[in-house]
1. If R₀ is 22 angstrom, what is the calculated FRET efficiency for the pair residue 250 and residue 375, using the beta carbon separation as r and rounding to 0.05?
2. At a Förster radius of 25 Å, what calculated FRET efficiency corresponds to the Cβ-Cβ distance of residue 63 and residue 168, to the nearest 0.05?
3. Is the shape of segment 276-398 rounded, prolate or oblate, going by the alpha carbon gyration tensor and its root eigenvalues a ≥ b ≥ c, with a/c under 1.5 for rounded and a/b larger than b/c for prolate?
4. Using alpha-carbon pairs under 8 Å, 6+ residues apart, how would you state the relative contact order of segment 115-193 in percent?
5. If every alpha-carbon in segment 429-567 counts as one equal scatterer, what log10 I(q)/I(0) does Debye give at q = 0.09, 0.12, 0.13 1/Å?
6. Between 0 and 90 degrees, rounded to the nearest ten: what's the tilt of helix 443-453 against the longest Cα principal axis of the chain?
7. How would segment 169-220 be classified by its alpha-carbon gyration tensor: rounded, prolate or oblate, with rounded meaning a/c under 1.5 and the a/b versus b/c comparison settling the rest?
8. Run the simple label-point estimate for residue 4 and residue 274 please: 7 Å along Cα→C-beta, distance reported in nm.
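What follows draws every value from the coordinates through simple rules; no lab data is involved. Predicted model only: the values in this text are computed from it and were never measured. Cβ: placed from backbone, ideal geometry, glycine included. Neighbour counts: every protein chain shown.
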Ligand code: ATP
Ligand code: MG
């Protein structure tokens, strides 16, 4: 491809709204163009790289036995009502209406649709297992679309769904996809880790996320230096070290007028938030429970849900809190709280000389030794982990990393198949629901993640796998016939060899050409300038190796072939 016939609108200045490097660079390098918040056009170079991610995904999915389909973007609302997710995901979904005023969801994901297909076309255990996937645009009305392709409202996803007869084979399908994902992300060239994840609104029992490591990543990851356990913030099982364990005298009542918040009380009493015990009243299936947790730790409702299996978990209303604690909201405490279970987070285990609410307006207790002064029904892991917490499995220190979620796998079980009738007949003629798994890759997010991880403020550092072009040829003196001819010859030779090559045939100054080349960041750049006229050798920049070599014209093609293979 010739630069002048292509469309590569590079920019010198960074767009104002771009907060992170990948977003700035993708716009400046002419890969994407913003239409509106969370909506982007793929320009030719961006599209080429996107297609390369897709190609890797397709190859690996096909090699792992998955079958490609293409499902409709528009999905009748009824199927979402039937699955029970219309209410759960309503806020995230964009909805369109047809001329008869019927509502259609613009697919944010496709579990319902694939399950409908299977319910209609798969009948017997002989048809199983099956693993379908598609690469398609998804729509999500994100609260805060940002960082360009990283969190957009319209994005490209590879979504896959496996259907098995038994739980045992469903496990196999799940681990087969985990293996496929490892290969896909390795081939993309990511520095990534796999972490255990919460199954959240998807339901199911097993889930992992694939995280590209980057300081700007939105996800916080906890990785154990001892046993290798790795999990995201929602799931991470933790162990806490008691923060204040010195013995204290008998607890005392103190006045704390209008001090309801952790910050307020700790400032007023001149104690650190780690010395405070928050008492939160939650209702599990409408039954109030007191949840005790350290002042600086947040309650993880996902963990509460898992603990109180199947129960609805909700923070009690102000009215309920007043009723249970016989005091205004903000002064609840475990001492003297009668008739409701006291469930404490690990962060308050062994805590002495602590401060708690006194179940009385404007009053707290100080010098509380939790286990001495009240009887706790159970200590459980109920909080989000913090820097400094230990691994819940082996008690070694956690390393806290940040990551960009590029892939997510779930073992779903029969949640969707049972509701939507994706059943099969087993050998004995009994009808059973298929056991499902679902597997997503943010194909367009992968591009942003790659740029975030492989760039400097001056430009992208593409690898050979995802670069829009593998080789850039830059004739630097366009007025010199010999240079133009040599560049053209090399361009044609490389094309004949099937390489992805771009010829910068613009009549621009060398400085402009170099700047654009560095900004876009082609892995191999071949420059022909004054030196070529003197020595007949070409200057080859191999950016992944940070190396410049001078290669004679007559061996350049084989040299580049070898180099591309080795990168
Ligand atoms: P996130 O936690 O980042 O919001 P998610 O867990 O809601 O993502 P999934 O439903 O697991 O996303 O979707 C599968 C994959 O699609 C994600 O792993 C991610 O790579 C990608 N993805 C999700 N939302 C977006 C988005 N708004 N823009 C771009 N890619 C996205
Ligand atoms: Mg996810």
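1. Step by step, r from the Cβ atoms, then E = 0.85.
2. 0.65
3. It comes out oblate by the Cα gyration axes.
4. 26
5. -0.33, -0.51, -0.58
6. Its long axis makes an angle of about 90 degrees.
7. Taking the square roots of the gyration eigenvalues as a ≥ b ≥ c, segment 169-220 is oblate.
8. 6.8
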